[in-house]
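Structure first, commentary second.
None of the figures in this text is laboratory data; all of them are computed from the coordinates on show. If you're wondering where the values come from, they're calculated on a predicted model, not measured in any experiment. Here Cβ is always computed from backbone atoms with ideal geometry, including for glycine, and neighbour counts include all displayed protein chains.
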């Protein structure tokens, strides 16, 4: 049997696209270690434009380097003796065999596809993985974690790359697969912000009202920068304010649509209600958030004007979609 492998498009991204080089190199290395006879590596920019000479050349060179410099074609089984890899391989083989038997019980692959079983299982697996990305239990660098706030991709995208691929699959009465990438929802979110700004609107801004304990306010401001940067918002950070009044004054002067109060849970009872009440009194439309999850005083803070809380357990995608709606941005 001749085995040919191709890098996946499922985990590739439009934003921070150079990370795609790391992803495809890892996949190519895995294929070589796994014993593939030949491989194809897609250019890193394939998912938003027609690949150019440079990206195509890099894609060719990735496999050449693995062959000529890492010598992955010189050893019959490079992973032999690795308990970690062999244990994973055995687990995959066991699960694959069980799936094979299930399909055979249904009358074979063609019958399983006709009944929609294969499509349903693919959709189920896809949904689980997308939910993990939305909640950041799975990290996709540059998309749902550590975004580049200065990166704008709208002008670099060629329209044909965004066409609905699902219309090209399936025929007759067979259920179609919904073809998409893992990060489509996050990229749609951020592109919507770019389209909003490109239409003549102000880029939404997030102001960090940092106060109290120096370590915690800095940590929570960093979390907030990471969080809202994934939607393409402008981040206005601050070193810290000595008083609530100073922070409130500077927050209004910034004209930011979103104010995130950043500090320690122990400091919030003193500062957060005063800040939230003052901000809402002057501008009821302003979105006031607290970084963290101070469970003991959350209801008190909501009563004083805090709209919501951002923390590690927040479903990022759902939360940012709600913020987009409040800002009038259509995703």
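Quote to one decimal, in nm, the extra length available between residue 177 and residue 213 on full extension: 0.36 nm per residue of separation minus the C-alpha distance between them.
In short, 7.8 nm is gained.
Stretched out fully, how many nm does the piece from residue 109 to residue 86 gain, at 0.36 nm a residue minus the Cα gap?
Fully extending the segment from residue 109 to residue 86 adds 5.5 nm.
If the chain between residue 76 and residue 61 were fully stretched, how many nm would it gain, using 0.36 nm times the residue separation less the Cα-Cα distance?
Here the answer is 3.2 nm.
What nm value, rounded to one decimal, do you get for the distance between residue 137 and residue 266 when each label is placed 7 Å out toward the C-beta?
3.3
What percent do you get for the relative contact order of the stretch 4-80 when only Cα pairs under 8 Å and 6+ apart count?
33
Using only the alpha-carbon atoms, how far is helix 244-254 inclined from the longest principal axis of the chain? Give it as 0 to 90 degrees, nearest 10.
The helix 244-254 is inclined about 60 degrees to the chain.
If you find the alpha carbon centre of the stretch 285-331 and of the stretch 127-145, how far apart are they in angstrom?
19
Tell me whether the stretch 208-331 comes out rounded, prolate or oblate; compute the Cα gyration tensor, take square roots of the eigenvalues as a ≥ b ≥ c, and use a/c under 1.5 as the rounded threshold.
Judged from the Cα gyration tensor, the stretch 208-331 comes out rounded (a/c under 1.5).
For the stretch 50-167, what class follows from the C-alpha gyration tensor (a ≥ b ≥ c being the square roots of its eigenvalues): rounded when a/c is under 1.5, otherwise prolate if a/b is larger than b/c, else oblate?
oblate
So what is the relative contact order for the chain, in percent, with contacts set as C-alpha pairs under 8 Å and at least six apart?
15
For the Cα atoms of the chain, what angle does the longest principal axis make with the long axis of helix 214-229, in degrees from 0 to 90, nearest 10?
60
Using alpha carbons only, how many degrees (0 to 90, rounded to 10) separate the axis of helix 117-134 from the longest principal axis of the chain?
Its long axis makes an angle of about 40 degrees.
Taking Cα centroids, how far is the stretch 80-117 from the stretch 1-69 in Å?
After rounding, the separation between the Cα centres reads 25 Å.
If the convex hull of the alpha-carbon atoms of the stretch 4-80 is projected onto planes in all directions, what is the mean projected area in square nanometres?
5.1
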